[in-house]
Amino acid sequence: MPTPSTALRTIEVALSANPYPVVFGRGALAQLGEQVAARGFNAGTKVLVVTNPVVSEYYGAAALASLKRAGFDANVLVIEAGEDQKTQATVALIHDAAFERKLERGSLIVALGGGVVGDMAGFAAATWLRGIAVVQVPTTLLAMVDAAIGGKTGVNHPGGKNLIGAFHQPRLVLIDPTVLASLPEREFRAGMAEVIKYGVIGDAPLFAELEAAAARDPHSGLASEATLGPELLQRVLERSAAAKARVVAADEREGGLRAILNYGHTLGHVVETLCGYGTYLHGEAVGLGMLAAGEIACAMTLWGVGEQRRQRALVRAAGLPLTMPNLEPAAVLECLQGDKKVRDGKVRFVLPTGIGSVVIRDDVEAATITEVMAQLSR
């Protein structure tokens, strides 16, 4: 169960049309009901909490009790939530539950879980009655620092990851770090990939702080909530969320700047798609994608071997995979053409130019991609 609440801290996602807060605090889950009420929802509002079996076992009762204490007419829907379940069929189950519970345009869906639950519940909210409100309550590190913030929702298609979806901003993101104590270590490590990403794309001091933490504990490094410690974990959550909030506020629908958040995702999505969803966790694939992007940047003389070594050392310290699966070059190049970031047939890569800075390039040669993938698979 979550620990008693401490003082909550807030980061605003300052969108011009629909701004919303990201609220942090140890034990914040117990305040879910009052935080929802503070967003203007009246007592008696119908609320559907969407979660998965594991999260429901740990935190479903606490979330439901908090909502009911605040006077909401709340129910829970438990769905299977592996990456292979991130389909239109699963979203249809949420729609069915919304119909059965008579959710109205003033009703609310609460996504209680990791990125998969958040994506599907958000997409269901975006499409039920042409759009009802959603609140994100992430329970994995990856969702806390990335997936729950920014309004991207959707499901996978057999041809590629997240090809079906909508932008649908939440009314609130509520983050309780204490729930990470029940997160499997592999899931925590996967979330660290997104944290390292923020360091590379725009926060060199965060990157350096992660390096220092890894140096203090060479054996466990950044691989678990316990070894990271509550103070550094809180800073990681806040700085990652603040970075995501700044980028989303400047470019809500990924017309330009927001594309830098896809660092590591272009080839990471290829790994997920070609290996079968669920073979690699999303963060594991992103870590491999960052290593590939770094090698491409070296080949194009955008950054140096020393910087790539620093990135590789942090990926290793987080306990993430360092070796690419052996994929057919033709399949890789074909899969890249299905990426959402393709413009006029050209694949856009986010490539590092230094720790804390990246550029977007659409002139990466196919031979360079093939060579880097082969190099990392050895």
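All of the numbers you see were taken from the coordinates with simple rules; none came from a lab. Computed from a prediction, not measured in an experiment: that's the story for all the values here.
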For this session: Give the Rg (one decimal place) followed by the Dmax (whole number) of the chain, computed from C-alpha coordinates and expressed in Å.
Result: 20.0, 60
For this session: Would you kindly derive the ³J(HN,Hα) couplings of region 195-211 from the backbone phi angles with the Karplus curve 6.51 cos²θ - 1.76 cosθ + 1.60 (θ = phi - 60°), listing them in order in whole Hz, with x for Gly and Pro?
Result: 5, 4, 3, 4, x, 5, 7, x, 9, 4, x, 5, 4, 5, 5, 5, 4
For this session: Take the Cα atoms of region 9-182, find their three principal axes, and give me the spread along each one in whole Å, biggest first.
Result: 42, 38, 33
For this session: Return the Cα extents of region 24-111 along principal axes one, two and three, sorted largest first, each rounded to a whole Å.
Result: 34, 30, 19
Exercise. So for region 275-343, what are the equivalent ellipsoid semi-axes in whole Å, largest first, each being the square root of 5 times an eigenvalue of the Cα gyration tensor?
Worked result: 22, 17, 10
Seminar exercise, completed: Rounded to the nearest 10, the angle in degrees between the Cα long axis of helix 115-127 and the longest principal axis of the Cα atoms of the chain comes to 60 degrees
Problem set entry | Rounded to 10°, Cα long-axis angle of helix 88-100 versus longest principal axis of the chain | 10 degrees
For this session: Calculate, in nm to one decimal, what ALA61 and GLU34 gain on full extension: separation in residues at 0.36 nm each, minus their alpha carbon distance.
Result: 8.1 nm
For this session: Find the Cα radius of gyration of region 212-356, compare it with 2.2 N^0.38 Å by division, and give the number to two decimals.
Result: 1.11
Seminar exercise, completed: Helix 230-250: inclination vs the chain longest Cα principal axis, degrees, rounded to 10, gives 90 degrees
